[in-house]
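A.B. asks: I have a structure here, written as structure tokens, and I will follow up with some questions on it.
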Amino acid sequence: YNQRIERLLNVRARQHMDVFQFSRETIHETPGRHDLGVFPAHEEGIAVRGRAFGPEEPVYTVECKRLPQPHNRRREYLTSEKEEKSRGAVQRYKLGIHGAGLDAAGIIAYVQKGDLESWRLNINTWVKELIAKPVDDARWTEDDCLKPHPKFKTRGKVLVSRSVSSRIRGHSIGLTHFTVDLRASSQRQFEFSQEEN
């Protein structure tokens with residue numbers, strides 16, 4: 001899925017926002033690999049919100065998770081369970097494993113069973129469980145709950161939410177959550193329409 005979405009986003013960027021390019025499995029200033037990184041497409045870099053980004057510096061990073069995960073990793077969209085390696089998407093941003101120096105980042109949920117709104121409710125239930133009983137070094141609060149994103153309308157196959165996560169060091173990070181319905185054929189989900197070929 002990450003490979004397909006990287007290709008799709010690069011085609012869209014060339015058509016509509018040629019100042020950006022997307023790359024999978026990127027490393028930058030943190031110990032972990034980002035599933036997707038958004039980089040300046042020009043060797044001079046780019047300025048975003050008054051900050052200069054060099055050509056090797058991600059402007060935005062994205063973690064990707066499937067939903068559901070195997071039962072022993074059911075909350076991995078948020079966090080890994082106690083004593084486990086830090087694999088949770090939100091957890092990695094909270095612990096500084098991802099997103100160093102960024103104010104905003106994203107998470108894509110590839111939904112393979114269940115509907116999009118149910119997954120948002122599930123994730124929010126897990127956040128409340130983590131507030132009551134933490135399993136990692138991250139500090140979980142109500143701000144970690146997914147709320148409807150005010151700038152994106154819900155469209156049939158994608159539900160966009162937002163949250164704000166405090167980090168163990170530094171300022172908070174705003175997360176945009178893209179929950180994508182892959183219950184239909186995943187081949188059709190990321191293919192280009194005839195007129196775009």
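A.B. asks: Placing +1 at every Lys and Arg Cβ and -1 at every Asp and Glu Cβ, with all other atoms neutral, what dipole size does the chain have around its Cα centre, in debye to the nearest 20?
C.D. replies: Here the chain has a charge dipole of around 640 debye.
A.B. asks: Computed on alpha carbon atoms, what radius of gyration and Dmax characterise the stretch 1-86, expressed in Å?
C.D. replies: 15.4, 46
A.B. asks: Another one. Could you work out Rg/(2.2 N^0.38 Å) for the chain, with Rg from alpha carbons only?
C.D. replies: Numbers: Rg = 16.7 Å, N = 197, 2.2 N^0.38 = 16.4 Å.
With N residues counted in the chain, Rg over 2.2 N^0.38 Å equals 1.02.
A.B. asks: Follow-up. With the cut-off at 17 Å, report for the stretch 79-154 the share of all Cα pairs above it, as a whole percent. Intermediate values should be presented prior to the final figure.
C.D. replies: Numbers: 1477 of 2850 pairs.
Of the Cα pairs, 52 percent sit more than 17 Å apart.
A.B. asks: With a probe of 1.4 Å, find how much accessible area the stretch 44-90 has per residue, and write the answer as a whole number in Å².
C.D. replies: Details: 2650 Å² over 47 residues.
On a per-residue basis, 56 Å².
A.B. asks: Dividing the Cα radius of gyration by the Kirkwood radius, what Rg/Rh value follows for the stretch 136-185? Before the final figure, lay out the partial values.
C.D. replies: Numbers: Rg = 13.5 Å, Rh = 12.4 Å.
Dividing the radius of gyration by the Kirkwood radius yields 1.09.
A.B. asks: With a 1.4 Å probe and all protein chains left in place, how much of the accessible area of the chain comes from carbon and sulfur atoms, in whole percent?
C.D. replies: Carbon and sulfur: 48 percent of the exposed surface of the chain.
A.B. asks: Which percent, nearest 5, of DSSP beta bridges in the chain are antiparallel? Working shown, then result.
C.D. replies: Working: 24 of 38 bridges.
Expressed as a percentage, antiparallel bridges in the chain total about 65.
A.B. asks: State which stretch of the chain is the longest one without any exposed trypsin sites (Lys or Arg not before Pro), exposure meaning a DSSP loop state and at most 12 other Cβ atoms within 10 Å.
C.D. replies: Numbers: sites that count: 49, 82, 85, 113, 151, 153, 169.
In the chain, the maximal stretch lacking such sites is 1-48.
A.B. asks: Comparing 50, 170, 101, which has the greatest mean-square fluctuation in the GNM of the chain with Cα pairs linked when under 10 Å apart?
C.D. replies: The residue with the greatest mean-square fluctuation here is 50.
A.B. asks: Filter the chymotrypsin sites (Phe, Trp or Tyr not before Pro) in the stretch 73-146 to those in DSSP coil with at most 10 other Cβ atoms within 10 Å of their Cβ, and list the result. Mind dumping the intermediate values first?
C.D. replies: Numbers: sites: 77, 93, 110, 119, 126, 140; in loops: 77, 140.
For chymotrypsin sites (Phe, Trp or Tyr not before Pro) across the stretch 73-146 that sit outside H, G, I, E and B with at most 10 neighbouring Cβ atoms in 10 Å, the list is empty.
A.B. asks: Further question: Using only protein heavy atoms and a 1.4 Å probe, report how much of residue 16 is accessible, in Å² to the nearest 10.
C.D. replies: 140 Å²
A.B. asks: For the charge dipole of the chain, defined by +1 on Lys and Arg C-beta atoms and -1 on Asp and Glu C-beta atoms about the Cα centroid, which residue among 9, 41, 59 has the Cα displaced farthest towards the positive pole?
C.D. replies: 9
A.B. asks: Sticking with this one: Within the stretch 68-95, which residues have the backbone N less than 11 Å from the label spot 7 Å out from residue 141 along Cα→beta-carbon, could you tell me?
C.D. replies: none
The values are calculated or read from the model by the stated rules, or taken from the named source; none is laboratory data. Bear in mind the structure is a predicted one, so any value in this text is a computation, not a measurement. Neighbour counts are summed over all protein chains in view; Cβ atoms, including those assigned to glycine, are modelled from backbone coordinates with ideal geometry. When the accessible area is computed, the model is the full protein with side chains, heavy atoms only, and any ligands, DNA or RNA have been set aside. Shrake-Rupley method; radii C 1.70, N 1.55, O 1.52, S 1.80 Å.
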